[in-house]
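Peer 1: Submitted below is the structure of interest, expressed as structure tokens.
The values are calculated or read from the model by the stated rules, or taken from the named source; none is laboratory data. As the structure is a computational prediction, the values presented were derived from the model and not from experiment. Cβ placement follows ideal geometry from the backbone for every residue including glycine, while neighbour counts extend to all protein chains displayed. Protein only, heavy atoms only, side chains kept; ligands, DNA and RNA dropped before computing areas. Shrake-Rupley method; radii C 1.70, N 1.55, O 1.52, S 1.80 Å.
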Amino acid sequence: MKALILNSGLGRRMGVLASEHPKCMTEISSQDTILSRQLKMIAAAGIKEVVMTTGYYDDVLVNYCKSFDLPISYTFVKNPIYDKTNYIYSIYCARESLKDTDIVLMHGDLVFENSVFDAVLASPVSCMTVSSTLELPEKDFKAVIKEDRITAVGVEFFNNAIAAQPLYKLNTDDWRLWLDNIIAYCESNDESKRKCYAEKAFNDISEKINLRTLDFEDKLCAEVDTPEDLAMVFPKLKEVENRTVYMCFSTDILHSGHMSIIKKAAKLGKLIVGVLSDEAIISYKRFPLVPYEERKGLFENLALVNKVIEQKSLSYKTNLKTLKPTYVVHGDDWVTGFQRPIRNEVVETLATYGGQLIEYPYSADEKYKKLDARTKYELSLPDVRRGRLKQAIEMKGLITAIEAHSGLTGLIAENTVVHQDGKSHQFDAMWISSLCDSTSKGKPDIELVDMTSRLRTIDDIMEVTTKPIIFDGDTGGLTEHFVYTVKTLERMGVSMIIIEDKTGLKKNSLFGNEVSQTQDTIEQFAEKISAGKKAQKTKKFMICARIESLILEKGMEDALNRAFAYTAAGADAVMIHSRKKDPVEIFEFMEKFRLQDTTTPIVLVPTSFNSVTEEEFKSKGANVIIYANQLTRAGFPAMQNAAKTILKNHRAQECGDTLMSIKDIITLIPEDL
Ligand code: SPV
Ligand code: MG
């Protein structure tokens, strides 16, 4: 497609404003003239060839065009008798450059906004811009409409007419017919046929040309013939140029799909990009591979982006209330699904001040899905996965983990998401519980399942997940063995090991003093922790000291003494455990610990004191909440029930309703996982 810009006119009615250069070089804003604005839009639309007819001050015009570094090749054609003819003759002069191509034709004094130009270019049929909302002008162009087609264009028509502006898109065949008649006009002996509007040559043959209207309504599309026209265009243009567009991104890579929507958005106004905070992303999808500051940098370096700000939650409301953008741009994928409430809130907020939501079709391209899968895979690699627990605690303050003891329960921990009131909730990490790992093997929780087997469980889970792993290391065994465990776990990409200050034959803590259990000495356990910290090779791996004083009824003071001794020995976190239903002792511990230590993360396993909400724990200073055994406890009765039902009925039909369908179970695990 070529653009044809008609700039041979004398512009007499502009007076001094066009006395030293062609009219199209009249300034219309602090950055632009009519022409520079047109050329930038043409270049942005990807049109590479411009044919420009010139007349007076043609050398000024040619030099001016070349002064812009735009990816446009120009063909300048001077109408040698521009002062004696109309632009019909200028087109005739340029005819050789205008054959066999689609054309976007505009008068050089036309100022229009991007969305009008885009709509013209996107039209599949030949079209001319008209306005159904403007009054019929006295002197300017009007288009006569018959059965949806334009049958005549001129200043003299008032019946069945609509206000029109000389911005056209003409498909090759339609243009060829019109151009041929323009040539015929200009080669005729009739002098007046070189002095009329080119549209007269169209009107003669309009029944052969399928020219449709493109209604720009009250958007900006106006000719500047006089200083009065200019005065009307100024404020309108200012309003157009002050428009702002808001988009929000959570991506850590920018691909062509993002660039394409950014380009569209930037055409609507000054683009402000909201970058979702790390915390908001974690709550919504997977962990960001690239932290907020770097993701912000991606957009700050884009020329199309005016400003980048943080969006602290999935909700747009706060940013929209502050920025009041003219438009919010988003893919149409949020019309349904879990983002729907967020979209609804955007629509409501925009309505409070007259903003508008613009949605473009979402591209679920295969190559973008592959990119996403690759990013996900990277998250599962040891070096990336290991440090993410520490980062998540730092970012969120409080994180949650659920137990996993197999690939399958790992998938549940990884993929279960609940959408509630426009927010989404999922677990941040996985807990490889000694109780559940042992139970799934039909063994008691007494460090009987050896480390080789425990590592195998970790590996099974790691193979199908990306979330950070907290390993239940029981007592940690002999210090001489513990240092090897630390190194092995680090190498695998585990994020934290929790060891409890017990010695000898360990039993599950929830037995308390009902069984005989021995607490280690402070010195010996602290020594084990320091040895582990010394053995550690990477920075973000964590060793958490688990204090059993409350379980073994040794009192609060003992618990606190131990907590401070263990952190002094290098523990990265402390876990305080209790088997009481009432959380009072847990709260007391946290309060007293926090008086002296405000930073070391506190880990809790609220199996018994399960009435407390995460929010409450957070307010009291907890940082990690582990749901240590719920999946195992949910699975066992369900399985037992199915077994009993079959035994009672001597067939499986009766338990069918409680089971997952065969289709669901065989398709649960994708083959290319
Ligand atoms: C586990 O899950 O194995 C634990 C937590 O260590 S508890 O069972 O409460 O001791
Ligand atoms: Mg355990």
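Peer 1: Could you please give the count of residues in the range 439-482 that are of a type in the set (S, T, N, Q), away from ligand 1 (no atom under 15 Å from the Cβ) and more than 38 Å from the chain's Cα centre (by Cα)? Show your work before the answer.
Peer 2: Looking only at the range 439-482, we keep the residues that are of a type in the set (S, T, N, Q), and these are 439-440, 452-453, 457, 465-466, 475, 479.
With the extra rule that they be away from ligand 1 (no atom under 15 Å from the Cβ), the set shrinks to 452, 465-466, 479.
Going one step further and asking which of them are more than 38 Å from the chain's Cα centre (by Cα), we end up with 452, 479.
Count: 2.
Peer 1: Take residues that are modelled with pLDDT under 95 and over 28 Å from Lys208 (Cβ atoms) and tell me which of the helices (runs of 4 or more DSSP H) falling wholly in the range 43-153 contain 2 or more.
Peer 2: Values: elements: 58-66, 87-93, 114-122.
In the range 43-153, 58-66, 114-122 are the helices (runs of 4 or more DSSP H) which contain 2 or more residues that are modelled with pLDDT under 95 and over 28 Å from Lys208 (Cβ atoms).
For every residue, the table says whether it meets (1) over 40 Å from the mean Cα position of the chain (by Cα); (2) under 17 Å from Ile402 (Cα atoms); (3) among the small types (Gly, Ala, Ser).
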position: Ile586; (1), (2), (3): yes, no, no
position: Arg594; (1), (2), (3): no, no, no
position: Leu604; (1), (2), (3): no, yes, no
position: Asn629; (1), (2), (3): no, yes, no
position: Thr632; (1), (2), (3): no, yes, no
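Peer 1: Just give me the residues in the range 626-661 being among the hydrophobic types (A, V, I, L, M, F, W, C) and within 16 Å of ligand 2 (Cβ to nearest atom), in sequence order.
Peer 2: Initial filter on the range 626-661 (among the hydrophobic types (A, V, I, L, M, F, W, C)): 626, 628, 631, 634, 636, 638-639, 642-643, 646-647, 652, 655, 659-660.
Correct list: Ile626, Ala628, Leu631.
Peer 1: Taking Gly9 as the residue in question, decide whether it is small (Gly, Ala, Ser), assigned to a loop (DSSP other than H, G, I, E, B) and buried (at least 19 other Cβ atoms within 10 Å of the Cβ).
Peer 2: On the way: small (Gly, Ala, Ser): yes; assigned to a loop (DSSP other than H, G, I, E, B): yes; buried (at least 19 other Cβ atoms within 10 Å of the Cβ): yes.
Considered against the rule, which asks whether it is small (Gly, Ala, Ser), assigned to a loop (DSSP other than H, G, I, E, B) and buried (at least 19 other Cβ atoms within 10 Å of the Cβ), Gly9 comes out as yes.
Peer 1: So, of the residues in the range 249-258 that are touching a residue at least 24 places away in the same chain (Cβ under 8 Å) and open to solvent by 30 Å² or more (accessible area, probe 1.4 Å), which turns out to be farthest from Val111 (Cα to Cα)? Before the answer, list the steps.
Peer 2: Applying the first criterion (touching a residue at least 24 places away in the same chain (Cβ under 8 Å)) to the range 249-258 yields 249-255, 257.
Still in the list and also open to solvent by 30 Å² or more (accessible area, probe 1.4 Å): 253-255.
Details: Ile253: 37, Leu254: 33, His255: 33 Å.
Once the filter is applied, the top-ranked residue is Ile253.
Peer 1: Do we have Met542 as within 16 Å of ligand 1 (Cβ to nearest atom), touching a residue at least 40 places away in the same chain (Cβ under 8 Å), touching a Leu at 6+ places or on another chain (Cβ under 8 Å) and on the phi < 0 side of the Ramachandran plot here?
Peer 2: Numbers: within 16 Å of ligand 1 (Cβ to nearest atom): no; touching a residue at least 40 places away in the same chain (Cβ under 8 Å): yes; touching a Leu at 6+ places or on another chain (Cβ under 8 Å): yes; on the phi < 0 side of the Ramachandran plot: yes.
Answer is no for this residue.
Peer 1: Take the range 371-414 and flag every residue that is open to solvent by less than 20 Å² (accessible area, probe 1.4 Å) and acidic (Asp, Glu).
Peer 2: Residues satisfying the conditions are Glu403, Glu414.
Peer 1: Across the range 409-438, what is the number of residues that are in contact with an Asp or Glu (Cβ under 9 Å, 6 or more places away or on another chain) and away from ligand 1 (no atom under 16 Å from the Cβ)?
Peer 2: First pass over the range 409-438, keeping only residues in contact with an Asp or Glu (Cβ under 9 Å, 6 or more places away or on another chain): 409-410, 413, 422, 426-427, 430-438.
If we keep only those that are away from ligand 1 (no atom under 16 Å from the Cβ) too, we end up with 422, 426.
So the answer is 2.
Peer 1: Residue check, Ile669 against (1) in contact (Cβ under 8 Å) with a residue 60 or more places away in the chain; (2) surrounded by 15 or more Cβ atoms within 10 Å (Cβ to Cβ); (3) part of a loop (DSSP other than H, G, I, E, B), all met but one. Which one?
Peer 2: (2)
Peer 1: What number goes with the only condition from (1) among the hydrophobic types (A, V, I, L, M, F, W, C); (2) surrounded by fewer than 22 Cβ atoms within 10 Å (Cβ to Cβ); (3) in contact with a Leu (Cβ under 9 Å, 6 or more places away or on another chain); (4) over 24 Å from Thr613 (Cα atoms) that Met556 does not pass?
Peer 2: So the condition that Met556 fails would be (4).
Peer 1: Considering only residues of the range 462-490 that are in a helix (DSSP H, G or I) and at pLDDT below 95, which is surrounded by the fewest Cβ atoms within 10 Å (Cβ to Cβ)? Write out each step before concluding.
Peer 2: First pass over the range 462-490, keeping only residues in a helix (DSSP H, G or I): 462-464, 479-490.
Then drop every residue that is not at pLDDT below 95, which leaves 463-464.
Details: Glu463: 11, Val464: 17.
The qualifying residue surrounded by the fewest Cβ atoms within 10 Å (Cβ to Cβ) is Glu463.
Peer 1: Mind telling me which of the residues Gly493, Gly532, Gly512 ends up being within 15 Å of ligand 1 (Cβ to nearest atom) and buried (at least 16 other Cβ atoms within 10 Å of the Cβ)?
Peer 2: Details: Gly493 fails: within 15 Å of ligand 1 (Cβ to nearest atom); Gly532 fails: within 15 Å of ligand 1 (Cβ to nearest atom).
When all the criteria are applied, what remains is Gly512.
Peer 1: Okay, moving on. Assigned by TED's automatic domain parsing to the domain that holds Thr251, within 28 Å of Val418 (Cβ to Cβ) and open to solvent by 20 Å² or more (accessible area, probe 1.4 Å): which single residue out of Gln356, Gln339 fits that description?
Peer 2: Result: Gln339 is the single residue among Gln356, Gln339 that is assigned by TED's automatic domain parsing to the domain that holds Thr251, within 28 Å of Val418 (Cβ to Cβ) and open to solvent by 20 Å² or more (accessible area, probe 1.4 Å).
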